[in-house]
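One structure below.
The values are calculated or read from the model by the stated rules, or taken from the named source; none is laboratory data. Please read all numbers here as calculations on a predicted model, not as lab measurements. Using ideal geometry, Cβ is built from the backbone for each residue, glycine included, and neighbour counts are taken over all protein chains shown.
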Amino acid sequence: MIARAHSPASKPDPAAVLTKAVARAAERLEISRGLLAKILGVSAPTVSRLYSGDYKLDERRKEWELALLFVRVFRSLDAVVGDEQTARQWLHSENRGLRGRPIDLIAQTEGLVRVAHYLDASRAPI
């Protein structure tokens, strides 16, 4: 009888998971590829490669942190408003608390952070 070596359960690749999460969040929020490129601080061709599966986000680069923030915004927004249509409407509406439209703010790092903090505060009021 030949003994078989058992391969340990393979762990999911964090880069693949985050890359897929970013693409799905952008699709569900109807974020254009051009805007996603600005949010992540990468080129439009890089975003095209991301969608085609030819590019994974790199945890050693700033794009990783920005991607985590973007997914956090998506998840927080989903928890606060409950459906994608309302989430898209919220993104495009003027917000007095943020002093602007969230869709415009998230194109810049500072705005993305502000929107994430705003949504986090809305999720867990004291």
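Points to keep in mind about this one:
- Residue in region 61-71 that is β-branched (Val, Ile, Thr), touching a helix residue (DSSP H, G or I) at 6+ places or on another chain (Cβ under 8 Å) and within 23 Å of ASP13 (Cβ to Cβ) present: yes
- Selection of helices (runs of 4 or more DSSP H) fully inside region 8-126 by the criterion of at least 3 residues being buried (at least 17 other Cβ atoms within 10 Å of the Cβ), in contact (Cβ under 8 Å) with a residue 12 or more places away in the chain and among the basic types (Lys, Arg) returns nothing.
- Selection within region 38-85 - farther than 15 Å from VAL17 by Cα, hydroxyl-bearing (Ser, Thr, Tyr) and modelled with pLDDT of 95 or more: SER43, THR46, SER48
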